[in-house]
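Reading through the structure tokens given below for one structure.
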Amino acid sequence: MLNTGWVGGPYGVGKRMSIAHTRAIVSAGCGGQAPRGADPCRSDLRTAHPDRVPAVPAGVLDPRGSWADPEAYDRQALKLRKLFEENIHAIGKNAATAG
């Protein structure tokens, strides 16, 4: 998954991820140039983010650290996890009956 949405907070607080930063992250990832580190604060989500990418500020790469309120990030991340789990469950249920 690649964050192409908001950095530094939710809609209305954060700012849009720069297309230049998104392109740099994709290019570095495809070229094996983006070392990844686990997000220690969100290990329950099993997420990882690049430690560094040329031309991308470190603050953009640290999702939790980019929020002024880290606990708000935690709440939003858990909400997102729940939405993903519900969606995957619904897909599995529908796939089983598609036959």
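Computed from the coordinates by the stated procedures, all read-outs in this text should not be read as laboratory data. Bear in mind the structure is a predicted one, so any value in this text is a computation, not a measurement. Positions of Cβ are backbone-derived with ideal geometry, glycine not excepted, and every protein chain shown enters the neighbour counts.
Between residue 15 and residue 72, the simple label model (points 7 Å from Cα in the Cβ direction) yields a spacing of 1.6 nm. Residue 60 sits among other residues whose Cβ lies under 13 Å from its own Cβ, and their net charge, with Lys and Arg +1 and Asp and Glu -1, is +3.
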